[in-house]
Structures are given as C-alpha cells and as structure tokens.
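In what follows, a single structure is set out as structure tokens and then discussed.
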Amino acid sequence: MKADHRHELKTNELAEWIANLPQWAKENQTTIIGVTAVIVAAAGIYFWRFYRKDVVSAERQLRLTGISNQLAIGKMQVLQAQSEGRDLSFILLQPAENLKAFAQEARDDQMAAFALIKRAEALRSELHYRRGPASEQDLVVQINQAKASYAEALERAASNPSLKAAAKFGLGLCEEELGNFDQARQIYQDIASNPDFEGTVATASAKYRLSTMADYRTKVVFKPAPEPQAADVFKLPAEGPREVRTRTRPAEANLPAEANLPIGIQPVPEGPNTVPLVPDKPTVKP
C-alpha cells in the first residue's frame, strides 16, 4: 500500500471519529464524569500533600524554634532572679513539658529528636540553676527522666549523625551527674572513636570532657553568699579623723614667713648687743 493511500485512510478515520464524538460522549456521559472526578480528586490530594509537606512543616519548625527560645529566655530570667535573691529555676520545667508534647506529636523524626534533646537539657538545667543544692531524690528522678529523653532521641535520630552524637553525649553527662564516671568515660570514648560522628560538635565536646574528667570527679559545694541586709545597704562609712586645712591667699603663698607678720613686729637677729626695736611713737603737736 502506498504511503499517500495510507495517509488518506487515517484522515478518513479521524474525521469519522470526530463526527461521531458527540454521539459517543452522550452515550458514555456517566463514565466520562466518573473518570473526570477521579482525576480531579487525585490532583487535589497530590497538591494538598505538597502543601502540608512545605507549609505545615515550616509552621512546626517555627513552633519548635519558639519553644527552644523559651528555654533560653527562661535561663536568663532565672539568673536575673538569683541576683535579686529569688529562686525561679522551676520555670524551666514548663519548656521541658512543651518540648515533650511537641516530640510526641511530631511526625518528623529529626524534629522530634531535637525536641527530646532540648527537653533533657531543660530538665538538667533546672537542677543546676537552683539557688540551693538539689536533694538526692530530686537529682536521681530528674536525671533519669533526662536519660530517657536522650535515649528516645537517639532512636529517632538514627539517620542524623549530628543529633545522634548530641543525644549520646547527653547520656554521658547524665552518668557524670549521677556519679557514674566510668560509664560516662566509656560513652565519651565511643563518641570520639566513631567515624560517623567525625566533625560533629559532640565529638569535640567528648574529647574535651575526656581530657578534663579528673577535675570533675571531686565534688565541690559552694557556700551560698549571705543575703544583704537593709541596714547594710544604707549604712554610711565610718568617720575617721578629720584633716584640718588652712587656706592661704594666692598672693601670700610664696612670701617668706617674715612678710606675713604685722607691720612693726619684725624679727630681729639675736645677739649679745641686740636691742629690740620699738616702733616710734607718733608725735603729737600742741
């Protein structure tokens, strides 16, 4: 069959299909509507998931950043209160609870791991920022809560070496605070020797901790400073001996001592034949 003949046949078939299209559409109207609805629904689902992935994820990141800043601001408030003689360390427990709730709701494992690490940091900070020493019971309970938070973060951050190393380093700090220095040393050595953690902040921190751990084995307790009394604040300094100063006119400052004597009373050199000089008496005319 020649090419021009085949082209003519195809043209005739297309023209015939176009001519019969209205009739075919009318006969298959229900099928066309159903297929169109499925396509529109699929497109809507696709764009909705794309929207959630970008917009909702950005909103969650902003929320996590806000809670983390809440922790940093809380530390500053606690330090300010300490300078005024007040203990506000308990306010750090609120960001810890918010971070825990965020981690439970988060679908992104990396964001959840970060929230869990910050929660453990808040729990540990509350103990360190107390104005007085924490009791042994409070220390054990709260550090164990921080350890559980670090351990969960370690599981959820399996694909992120930086977060994984940070969670592992936090576990080492918890062991130190519980007095388990051998376990802490082993954790730091594992971090420092793991090639997957090379270049992370936790690796540098673990190496430094290993070099200075001996300094932390001795427990040091600082005596709290006495609180200033109101009477001491307004107490004036004790008065000492007063210095009496005489004022000299500038014109007399460089004159000899004799020049400062009254007229007619001038010093006379002493000698065996010295006759004191007496001022002349005024002459009275009759």
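The values are calculated or read from the model by the stated rules, or taken from the named source; none is laboratory data. Quick caveat: nothing in here was measured; it's all calculated off a predicted structure. Heads up, the Cβs are rebuilt from the backbone with ideal geometry, glycines too, and the neighbour counts pull from every protein chain shown.
If we only count helices (runs of 4 or more DSSP H) wholly inside segment 74-185, which ones have 3 or more residues that are farther than 23 Å from residue 199 by Cα and not assigned by TED's automatic domain parsing to the domain that holds residue 61?
Once the helices (runs of 4 or more DSSP H) in segment 74-185 are filtered for at least 3 residues that are farther than 23 Å from residue 199 by Cα and not assigned by TED's automatic domain parsing to the domain that holds residue 61, what remains is 136-156, 161-177.
What are the pairs, 6+ residues apart or on separate chains, where a residue within segment 75-94 that is charged (D, E, K, R) has its Cβ under 6 Å from a residue that is part of a loop (DSSP other than H, G, I, E, B)?
87/131
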